[in-house]
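Comments concern the structure below.
The values are calculated or read from the model by the stated rules, or taken from the named source; none is laboratory data. Not measured: the values here are computed from a predicted model. Glycine also receives a Cβ, built like all others from the backbone with ideal geometry; neighbour counts cover every protein chain displayed. When the accessible area is computed, the model is the full protein with side chains, heavy atoms only, and any ligands, DNA or RNA have been set aside. Shrake-Rupley method; radii C 1.70, N 1.55, O 1.52, S 1.80 Å.
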There are 2 protein chains.
Amino acid sequence: VKYGVLGTGTVGQTLAGKLVSLGHEVMMGSRQSGNEVAVAWVKSAGGSASEGTFSDAAAFGETVINATNGAASLDALKAAGAENLDGKVLIDVANPLDFSGGLPPTLTVGNTDSLGEQIQREFPEAKVVKTLNTMAADVMVEPSLVPDSHNVLVAGEDADARAQVSGMLQEFGWPAEDVLDLGSIVAARGMEAYVTLWLRFWAASGTRILNIKLLAATE
Amino acid sequence: VKYGVLGTGTVGQTLAGKLVSLGHEVMMGSRQSGNEVAVAWVKSAGGSASEGTFSDAAAFGETVINATNGAASLDALKAAGAENLDGKVLIDVANPLDFSGGLPPTLTVGNTDSLGEQIQREFPEAKVVKTLNTMAADVMVEPSLVPDSHNVLVAGEDADARAQVSGMLQEFGWPAEDVLDLGSIVAARGMEAYVTLWLRFWAASGTRILNIKLLAATE
């Protein structure tokens with residue numbers, strides 16, 4: 001599969017690197033082509049890796065991943081262009097966190113809305129799937145770093161798109177039974193808000209290599 | 001221990017009933033004494049149970065539990081009176097949810113603040129401890145309803161108060177190692193925001209008898 005990964009930060013590099021290692025063709029997108037970090041990533045990642053603008057990467061990808069800073073995601077996606085996103089699965093892993101006021105960070109959108117919903121509204125022809133935003137980048141692509149079984153959450157309006165993303169997550173090493181489908185993209189509100197609790201879990205456990213497991217009674 | 005439990009809803013009745021069954025003296029508080037639900041609860045709970053106003057119950061309790069509707073909690077606690085709360089552990093289990101706009105509910109406070117923090121600011125001499133708001137009432141007092149081990153969260157400014165609440169939770173049946181101390185009451189932001197995700201977990205799993213377990217890597 002051809003992936004366009006928007007964003008050159010830790011999350012973008014981690015996801016793009018994993019996808020290359022799995023044999024996919026990946027273009028990393030940033031505001032300007034020739035971005036120093038992106039060029040260095042291409043060199044280290046090897047043959048099937050490339051880089052370009054947000055628009056280049058989105059056009060390249062059959063599936064597009066938004067791994068940009070949450071506060072800048074809508075601008076990055078507008079730069080990528082609706083014409084390069086329409087009809088595609090758009091995986092949103094960003095968190096709309098604002099660290100400008102110090103710690104703890106606050107959410108730039110929440111409660112009655114979410115970044116995932118904002119993106120879906122802005123690009124109604126894209127199939128937005130929120131996932132992976134509830135954990136550190138290392139855990140996203142190597143769930144076995146965290147002991148026992150634990151969950152990755154998936155939300156989006158299109159069931160086929162959610163299933164396709166579940167398939168990518170299973171390639172990453174997530175057992176199918178640990179992929180928890182929460183349905184509508186409205187669930188992104190809870191998934192994004194949870195990150196404020198995740199930060200507390202990090203502080204309490206002393207490591208960001210953590211995740212949660214949902215346990216529910218069975219009749 | 002003498003407990004004042006403010007609130008006659010499912011959570012208040014469940015917690016008050018559990019405390020009576022554990023041998024504690026419990027007064028249930030509501031806006032007016034003689035509240036029909038409270039009187040019925042006293043009859044069913046037996047000898048050490050009593051009821052009165054918010055003020056009566058807060059004065060009675062060596063420890064006070066806020067189990068009122070989150071949107072009404074500050075008013076209920078003002079009716080209880082600072083003079084009946086000062087110096088005491090005040091356990092806040094409420095969620096500031098607003099269902100007036102339909103589903104999903106929204107938070108009446110969040111992001112840069114929380115109900116737990118509002119209560120602590122309003123009653124600076126009380127030792128506010130947020131806990132148990134992240135699960136259904138049945139699970140609060142019978143954690144074994146949910147399979148395997150899972151976590152109850154505790155947050156508050158006073159370490160001794162958090163430890164005392166941990167003791168109460170252990171009486172409820174929570175193993176000490178499953179009580180997760182998140183430190184400062186500021187963590188109430190994440191604990192309250194998580195409830196919006198909890199509602200999605202309920203929908204996804206088809207039962208409210210659920211909870212999460214924190215899993216973290218150990219070096």
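Structure notes:
- Mean per-residue shielding of peptide A:175-181 is 1, counting Cβ atoms of other chains within 10 Å of each Cβ.
- Looking at segment A:15-166 alone, DSSP beta bridges between its own residues are antiparallel in about 30 percent of cases.
- Net charge in the neighbourhood of A:Ser149 (other residues with Cβ under 12 Å of its Cβ; Lys, Arg +1, Asp, Glu -1) is -2.
- Rg/Rh for segment A:100-178 (Cα atoms only, Rh after Kirkwood) is 1.02.
- Centre-to-centre, using Cα atoms only, segment B:127-173 and segment A:5-75 are separated by 43 Å.
- Debye intensity ratio I(q)/I(0), log10, the protein assembly as shown, q values 0.06, 0.10, 0.14 Å⁻¹ (C-alpha model): -0.28, -0.71, -1.18
- Highest-MSF residue in chain A out of A:Pro104, A:Pro175, A:Pro96 [GNM, Cα springs under 10 Å]: A:Pro104
- Per-residue mean of foreign Cβ neighbours for A:204-211 is 5 (Cβ atoms of other chains, 10 Å radius).
- J(HN,Hα) series, segment A:159-170, from Karplus relation 6.51 cos²θ - 1.76 cosθ + 1.60, nearest Hz, glycine and proline x: 5, 5, 5, 4, 5, 5, 5, 4, x, 5, 5, 5
- Share of pairwise Cα-Cα distances greater than 29 Å in segment B:52-208 is 14 percent (whole percent).
- Solvent-accessible surface (1.4 angstrom probe) belonging to A:Asp113, in square angstrom, nearest 10: 30 Å²
- Choice from A:Gly206, A:Gly81, A:Gly167 showing the highest fluctuation, given a GNM over chain A with Cα pairs closer than 10 Å: A:Gly206
- Averaged over peptide A:104-110, the number of partner chain Cβ atoms lying within 10 Å of each residue's Cβ comes to 4.
- Computed from Cα atoms alone, the Kirkwood hydrodynamic radius reported for segment B:44-137 is 14.0 Å.
- Net length gained if the chain between B:Ser184 and B:Ser44 were fully extended (0.36 nm per residue, minus Cα distance): 46.7 nm
- Chain B - mean residue ellipticity at 222 nm from DSSP helices (-39,500 (n - 2.57) per run, n ≥ 4, rounded to 500): -11000 deg cm²/dmol
- Loop GluC sites (Glu not before Pro), segment B:35-77 (other Cβ atoms within 10 Å of the site Cβ: 16 or fewer; DSSP): B:Glu62
- Pairs from the list A:Lys18/B:Lys213; B:Lys43/B:Lys130; A:Lys213/B:Lys130; B:Lys18/B:Lys127; B:Lys43/B:Lys127; A:Lys2/B:Lys213 with a Cα-Cα gap above 25 Å: A:Lys18/B:Lys213; B:Lys43/B:Lys130; B:Lys43/B:Lys127; A:Lys2/B:Lys213.
- Rounded to the nearest 20 debye, dipole of segment B:1-151 from Cβ charges on Lys, Arg, Asp, Glu: 140 debye
- When nucleic acids and ligands are ignored and a 1.4 Å probe is applied, B:Lys78 ends up with an accessible area of around 110 Å².
- Rounded if a/c under 1.5, otherwise prolate or oblate - segment A:149-195, Cα gyration tensor axes: oblate
- 5 angstrom amide H check on B:Val89, placed H, neighbours 5+ away: B:Val64, B:Lys127
- To the nearest 10, the accessible area of B:Arg162 is 40 Å² with a 1.4 Å probe.
- Listed residues A:Ser144, B:Ser73 arranged by accessible area, highest first, probe 1.4 Å: A:Ser144, B:Ser73
- For A:Asp98, inter-copy label distances in nm, listed shortest first [label point 7 Å out on the Cα-Cβ vector]: 1.8
- For a label point 7 Å along the Cα-to-beta-carbon line of A:Ala72, residues of segment A:4-21 with backbone N under 19 Å: A:4-17
- Sum of side-chain charges, B:Gly17 neighbourhood, beta-carbon under 14 Å (Lys, Arg +1; Asp, Glu -1): -3
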